[in-house]
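J.: Structure below; questions to follow.
Just so it is clear, none of the values below were taken in a lab; they were calculated from the coordinates. Model, not experiment: these values are computed from the prediction. Note: ideal-geometry Cβ built from the backbone for every residue, glycine included; neighbour counts use all protein chains shown.
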Amino acid sequence: MKEKFSNIKNKAVQFWLKLNWPKRTVLLLSILAIISLAVFLIIFSLGKNNLKESNPKESYFTVEETEKNSEIHPNYVRRAIDGIYVEPGKENFYPVAVMIDNDPLARPQSGLAKAQLVYEAKAESGITRFMALFADGEELEEIGPIRSARPYYVDWSEGYNALYVHVGGSPEALDILAKTKLLNLNEFYQGGYFWRSNSKIAPHNVYSSIGNFNKYLDRLNAKNDGYGAWLYKDEAAAEDRGKSDIEINYSVNDFLVSWKYDKENNEYIRYLGEVQHKDADGTPVVAKNIIIMQVKSKILDAELRRQMDTIGGGRAWYCLDGICKEGEWKKPDKKTREKIYNKNGEEVKFNAGTAWIEVIQEEGQILI
């Protein structure tokens, strides 16, 4: 091995001695150029790899594109109350159904725009009242003004096995609550979970919070048994959306309801008495789905309180993606949440997000 190396060395020396100085100079420069190019390529390659590993912008861009191309996280599940995709374990918070005042003296309300589902129906005469359901786990520090119970709201609340929150109620409603196993939080008897605001006059000044509702549920060690979820779908593409607005006439101008469709955001913007409806903090009231249920009703007493037929079924209109269609609602018993069906008897698939259920008595009350 040594002899072979020695021969190569001697031949190299002899080759070098044969070269004149100009040729020797060219050869040296060529060797140096080759070595420099090799070193540059090695350094450049190492630097590029380090850049890929350490550059946060490039890494974030890759994650962002991955999320953009994936509609939902593979492990997420739909929330029972509104179909929104959430982490497992956050899909079935104990629902709380709160009676919220809609008298002009009670406006603007607090927390109404944050509800996942809202029922609106007449309480007496042409005055409407809301039952707002909260079941997303968000801590809301102020909800109200809270008002009294009505029998049909209790029936709707039972379909969710919800905590029913109210300030007193009609004789019929209080009798039902006394006989049912539905949990209810009544300001008349549990005043410590409520407060009265100085910003409004009584009886339009009772408020509470999600924190207070949770304290009450914890005190009772309440566990929700779940309830029937609606079916949900992907939102329609922009080119497939309609343009239908909705008007509901509850017979009094202060309670005239308009839902104006926003095609770009694929949602309905609520107007009340021809003024955009907003929460006290300025949050607009909007919804992804509007359901109109027609129910039979009759006046019960001199206070013009009502009875409504909540069990069974009836005509319904459902509006989403800017398109309204006629179908029917069905609620077989108090313990079951009502569902909406199309004219073929198939259950309607809604967009995930907030839904409002407007309850009327006559078909002529709506204009689409």
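J.: Pick out, in residue order, every one of the chymotrypsin sites (Phe, Trp or Tyr not before Pro) in region 153-230 that is DSSP loop and has at most 12 other C-beta atoms within 10 Å; say none if there are none.
T.: Loop-located and lightly packed - F188, Y189.
J.: Is the C-alpha gyration tensor of region 85-220 telling us rounded, prolate or oblate? Criteria: a/c under 1.5 is rounded; beyond that, a/b larger than b/c is prolate, otherwise oblate.
T.: rounded
J.: Could I ask something else about it? Rounded to the nearest 0.05, what FRET efficiency do K343 and D262 give with R0 = 25 Å and r taken as the Cβ-Cβ distance? Could you check?
T.: After rounding, the FRET efficiency stands at 0.40.
J.: With each pseudo-label sitting 7 Å past Cα toward Cβ, what's the K298-E362 distance in nm, one decimal?
T.: 1.8 nm
J.: Name the long-range amide H neighbours of G313: under 5 Å, sequence gap of 5 or more, or other chain; modelled H, no Pro or chain starts.
T.: Sorted by chain and number, the residues that satisfy this are K331.
J.: Amide H of G169: which non-local residues (sequence gap of 5 or more, or other chain) have their own amide H closer than 5 Å, using H built in the peptide plane?
T.: It is A149, by chain and number.
J.: A follow-up question, please. Among C324, C319, which comes first, second and so on when ranked by fewest other beta-carbon atoms within 10 Å?
T.: Ordered from fewest to most neighbouring Cβ atoms within 10 Å, C324, C319 come out as C324, C319.
J.: Where a ≥ b ≥ c are the square roots of the eigenvalues of the C-alpha gyration tensor, would you call region 160-214 rounded, which needs a/c under 1.5, or, failing that, prolate if a/b is larger than b/c, or oblate?
T.: Here region 160-214 falls in the oblate category.
J.: Please turn the phi angles of region 260-271 into ³J(HN,Hα) values with the Karplus equation 6.51 cos²θ - 1.76 cosθ + 1.60 (θ = phi - 60°), one per residue in order, whole Hz, x for glycine and proline.
T.: Coupling constants for region 260-271: 9, 7, 9, 5, 4, 8, 6, 8, 10, 9, 8, 10 Hz.
J.: For E87 and I35, what is the calculated FRET efficiency with R₀ set at 56 Å and r taken between the beta-carbons, to the nearest 0.05?
T.: Calculated transfer efficiency: 0.45.
J.: Going toward the positive end of the dipole of region 250-290, with +1 on Lys and Arg Cβ and -1 on Asp and Glu Cβ, which of N266, A280, L256 do you reach last?
T.: N266
J.: Right, here's the next one. If you take the square roots of the eigenvalues of the alpha-carbon gyration tensor of region 231-367 and sort them as a ≥ b ≥ c, do you get rounded (a/c under 1.5), prolate (a/b over b/c) or oblate?
T.: In terms of gyration-tensor shape, oblate.
J.: Ranked highest first by average number of other Cβ atoms within 10 Å, how do 91-100, 283-292 line up?
T.: 91-100, 283-292
J.: Further question: A 32 angstrom limit on the alpha carbon distance is what I want to check against. Which of K263/K335; K243/K334; K181/K263; K122/K263 exceed it?
T.: Where the Cα-Cα span goes over 32 Å, the pairs concerned are K263/K335; K243/K334; K181/K263.
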